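Here's the structure we're looking at; comments come further down.
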Amino acid sequence: MVTTYVVDVPDSRPARIEHPQGTPAGVEDFAETLFRVRARYDDLAENEPAMRLDWMGQAGERYYDTLQQLTGQASTMAAGIRVVARAATAYGETLTELKQRGRDLAERKRSLDDQADSLRQQVRQVVDPDDAWYFGMLRACQGLAMSYGQLETDHDTLQADVAANDEAFIAVLSGNRTLADVIEGGADDTAVENALARPGAPGSGADAAATRRWWDALSAAEQAAVLAARPDLLGGADGLPAGVRDAANRVLLAEDLATLEAKEASGELDGDERDRLRNVRAVRDALEDADGFHDPVTGELTGGQLWMYDPDKWDTENGAVAIAVGDLDTADRLAVRVPGITNEIVDAPALTAEAYNLYEGARNLGDGDSVASMMWLGYDTPDAFWDPDTVSNDRAREGGAALADSVSGLKAGAEHDQAVTVIGHSYGSTTVAHAASDHTMDVEDVVLVGSPGGGDGNSAADLRVGTDHVWAGRASRDIVPTTADHGWVGAPNLGRDPAEDKFGAQRFQAESVERTDGHRGIADHGRYFARNSESLWNISHIVNGDYEPVRDSLAEPVHDPFFGGPEDPEVDRDPTVKPTTRQPGQW
C-alpha cells in the first residue's frame, strides 16, 4: 500500500512590504532651516532694549511704537516657527525609525521566503518519504505559517504608525494657520493648553505614575501637539515612556545644534554659548554612536535613547545627560551606570561606549532576555580630586535623590516590570549608596565599583536591597578605594569601603590583566567596564540575574586589622581574561 503525504507550504504574506515614503534628511534640513530663521526673529525681539534711542517728540514716539510692534511680531513669529520646526524634527526622527523598521521587515520576508523555497525543494526531491519526514515537514510548515502571520501583523502595525506620524505632523501644521493669524494672535495652542491643564501633566508636581496616566489619556493628536510645543516639559518628565522622552530630547538637541551653529557661523557666539555648543556636540556624537551600535546576538541595531538632556543644567561647564543603548521601555533587564568625579557632559561619548560594553556583555552571557544599558549623568559631579566636594557626601546625597527619582520614572514609563541593576563607579558609587539607603529605590541589585566609600551606611544591609544583592568590585591596584574609611584618622568622610569584610557586600573579582606591578595608581580605576575583563564579566552576569557564576569565584574581601593598614588578598592573584565579546564560532 502506498501512503500519500500532502505538504502545504504556506504562501508568502504580505504580498509586498510597503516602505514608508519620504526622506528624513530632507525633513531634518527643513527643520534646521526653520530653527535658524527662528533664531533671527528671536534676536530681533531680544535686542529691542538695545534699539531704543534717546529720541523725543512725535517722531520718537512713532519710532518706539513701531519698534514695539515689530519686536512683538518677531517674538510671535519665532514662537510659531519653533513649533513647526520642532514638529518637523520629531516627524523626521520618527520617519527614520519607521524606514528602518520597513527594511527589517523586508529582510524578514526575504528570509521566510527562502525557507519556503527550501521546503518546496525538499518536497520535490524527496524519494522515499515516511511518517517521520512528513511530521517534520508539517511542523516546519506550521512554524513558517506562524512566522508569516507575525510578519503580516508587524507590517500592519508599521502602516498604522506611518499614518499616525503623518497625521500628527499635519495636525501641527494646521494648528499654526496662516502667517497673518500667527502674527495677530500667535499659533493655535488651545490643544496644548488643555492637555497641560489636566491632572498629572508634567510641571504640575504629579508623581511619575500620575504623569504616565496623563500621557496615556491623551489622544495621538494631543500628544503630537504637546511634543511640538513643549518638548522641554516632556524630555525630563519622569513617568513618560522613554521613547517619548527620547523624541522630545532629540527635538531639543536638534534645535540647540541649529541655533548655536548658526551663531557660530556668523561669529556671534559668546563664551557661554561656545561652552554650551561643545556640550551639545558631545551629546550628539554620543547619541549617534548609540544609534549605530549592533546587538551582538541578533546583529540588529540596538537603537539609542536620549533619556535626559540639559546641556548646562548646573553651569556651562557641566550639564545633565542620560543615554541608553537598547530600548528602556521594552527591555527585560535594565542596567543604570552612575559615573563619578571629573565626568562631565563632554564625556558622554566615552560613557556611552562603556554602556555598550555592558550591553554587549549582558547579551552575550545572557539567556536571551532583552537588555538596555544606560549611562546616567544626572547629578553635579565634583570637578577634580582636589575639589572640596570630592571628600564630601553633599553632591552624593543630592545625586542619590535624583537617581532614586529617575529609577522610579524609568519603571513607571516601562511597558512591563523590569529587573533593574544600578551600578556606581568611583564617587558615583557613593551616590548610588545614598540613593539606596536614603530613598525607596525599587531595584534588584546594587553594584559599587572602585568606591571611595559607601555613604552614610556602615553595611550592605543599610542599602535595603538585601545583602545578597549588594556587590562590590575593587581592583587591588586601584588607588581610589584606599581613600575609603578604613578606620584611620583623617580619612575622607565618604563611608566604609564596600569591598571590606566589615561592610558585608559580596566582592567579585575585578582585577585587570593590564594592571600595574607592585603599586597602586589611577589606571586600574578606569578599567572596570573594559571588554573581556573580570569586572565587566561579573557585572554582566549580575545584570542578567545569573548570580551563580559570580559567586563561584568571589574575591576575598579586604581585611583591616586593628594594627596596620588594610590587607587585600587580591594583590597576589593573577588576573584572567573573561570573555564578554563574541568571536566568530564562539559559544
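Quick check: is even one residue across region 59-69 open to solvent by 30 Å² or more (accessible area, probe 1.4 Å) and either under 29 Å from the mean Cα position of the chain (by Cα) or at pLDDT 85 or above (or both)?
no
Conditions: (1) surrounded by fewer than 23 Cβ atoms within 10 Å (Cβ to Cβ); (2) outside the structural domain of Ile323 (by the TED database). Leu277 meets all but one. Number of the miss?
Status for Leu277: all satisfied but (2).
Taking interchain pairs and intrachain pairs at least six residues apart, which have beta carbon atoms under 9 angstrom, with the first residue in region 111-138 and of a type in the set (Gly, Ala, Ser) and the second exposed (fewer than 12 other Cβ atoms within 10 Å of the Cβ) and outside any helix (DSSP H, G or I)?
Ala116/Asp11
Pull up region 548-578, narrow it to residues that are outside any loop (DSSP other than H, G, I, E, B) and among the hydrophobic types (A, V, I, L, M, F, W, C), then point me to the one that is nearest to the chain's Cα centre (by Cα).
That would be Val550.
From the list Ala229, Ala254, Ala237, exactly one residue is out of contact with any Ser or Thr (no Cβ under 6 Å at 6 or more places or on another chain) and either among the small types (Gly, Ala, Ser) or open to solvent by 30 Å² or more (accessible area, probe 1.4 Å) (or both). Which is it?
Ala229
Looking at Val480, Val577, Val571, which one is more than 29 Å from Gly299 (Cα to Cα), modelled with pLDDT of 90 or more and surrounded by fewer than 16 Cβ atoms within 10 Å (Cβ to Cβ)?
From the options Val480, Val577, Val571, the qualifying one is Val571.
Give the residue, chosen from Ala15, Ala50, Ala31, Ala25, that is small (Gly, Ala, Ser), modelled with pLDDT of 80 or more and open to solvent by 80 Å² or more (accessible area, probe 1.4 Å).
None of the other options fit; the residue is Ala15.
If you check Glu360 against the conditions, is it crowded, with 21+ Cβ neighbours inside 10 Å, within 17 Å of the chain's Cα centre (by Cα) and of a type in the set (Asp, Glu)?
Yes.
So which strands (runs of 3 or more DSSP E) stay within region 284-366 end to end and still have 1 or more residues that are in contact with a helix residue (DSSP H, G or I) (Cβ under 7 Å, 6 or more places away or on another chain), closer than 23 Å to Asp405 by Cβ and modelled with pLDDT under 95?
In region 284-366, 304-315, 318-325 are the strands (runs of 3 or more DSSP E) which contain 1 or more residues that are in contact with a helix residue (DSSP H, G or I) (Cβ under 7 Å, 6 or more places away or on another chain), closer than 23 Å to Asp405 by Cβ and modelled with pLDDT under 95.
Quick check: is even one residue across region 355-373 at positive phi and among the polar types (S, T, N, Q)?
Within region 355-373, not a single residue is at positive phi and among the polar types (S, T, N, Q).
Looking for whichever is at pLDDT 85 or above, outside the structural domain of Glu415 (by the TED database) and either open to solvent by 70 Å² or more (accessible area, probe 1.4 Å) or not aromatic (Phe, Trp, Tyr) (or both) here; the options are Asp207, Asp181. Which one fits?
Only one candidate qualifies: Asp207.
Can you tell me which residues in region 378-415 are part of a loop (DSSP other than H, G, I, E, B) and polar (S, T, N, Q)?
If the condition is that a residue be part of a loop (DSSP other than H, G, I, E, B) and polar (S, T, N, Q), then Thr381, Ser392, Asn393 are the ones that fit.
Suppose we keep only residues that are polar (S, T, N, Q) and not in a helix (DSSP H, G or I) within region 1-39. Which one would you say is nearest to Leu151 (Cα to Cα)?
Among those residues, the one meeting the criterion is Ser12.
So Val321 passes all but one of these: (1) more than 10 Å from the chain's Cα centre (by Cα); (2) crowded, with 24+ Cβ neighbours inside 10 Å. Which condition number does it fail?
Result: Val321 passes all but (1).
Tally time: how many residues in region 364-380 are of a type outside the set (Asp, Glu) and closer than 20 Å to Ala350 by Cα?
9
Okay, residues lined up against (1) touching a Gly at 6+ places or on another chain (Cβ under 8 Å); (2) within 29 Å of Asp207 (Cβ to Cβ):
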{"residue": "Leu253", "(1), (2)": "no, yes"}
{"residue": "Leu301", "(1), (2)": "yes, no"}
{"residue": "Tyr309", "(1), (2)": "yes, yes"}
{"residue": "Thr330", "(1), (2)": "no, yes"}
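Just to be sure I understand, how many residues within region 94-130 are assigned to a helix (DSSP H, G or I) and either over 21 Å from Ile17 (Cα atoms) or open to solvent by 70 Å² or more (accessible area, probe 1.4 Å) (or both)?
Adding up the residues that qualify gives 16.
Restricting to region 527-537, name every residue that is out of contact with any His (no Cβ under 9 Å at 6 or more places or on another chain) and not polar (S, T, N, Q).
Arg527, Ala530, Arg531, Glu534, Leu536, Trp537, listed by residue number.
Would you kindly identify the strands (runs of 3 or more DSSP E) lying entirely within region 421-519 that contain at least 3 residues that are touching a His at 6+ places or on another chain (Cβ under 9 Å)?
In region 421-519, the matching strands (runs of 3 or more DSSP E) lie at 445-449.
Taking the criterion of being within 20 Å of the chain's Cα centre (by Cα) and open to solvent by less than 20 Å² (accessible area, probe 1.4 Å), would at least one residue in region 287-294 satisfy it?
yes
Just to check your reading of the model, which residue among Thr421, Thr440, Thr430 is in contact with a Gly (Cβ under 7 Å, 6 or more places away or on another chain) and among the β-branched types (Val, Ile, Thr)?
So the residue among Thr421, Thr440, Thr430 that is in contact with a Gly (Cβ under 7 Å, 6 or more places away or on another chain) and among the β-branched types (Val, Ile, Thr) is Thr430.
Scan region 520-547 for residues that are assigned to a helix (DSSP H, G or I), open to solvent by 40 Å² or more (accessible area, probe 1.4 Å) and either within 11 Å of Gly473 (Cα to Cα) or out of contact with any Gly (no Cβ under 9 Å at 6 or more places or on another chain) (or both) and jot them down.
Ala523
The values are calculated or read from the model by the stated rules, or taken from the named source; none is laboratory data. All values derive from a computational prediction rather than experimental measurement. Because the Cβ atoms are built from the backbone with ideal geometry, glycine has one as well, and the counts that use them run over all protein chains shown. Just the protein is used for accessible areas: all its heavy atoms, side chains included, with ligands, DNA and RNA removed. Shrake-Rupley method; radii C 1.70, N 1.55, O 1.52, S 1.80 Å.
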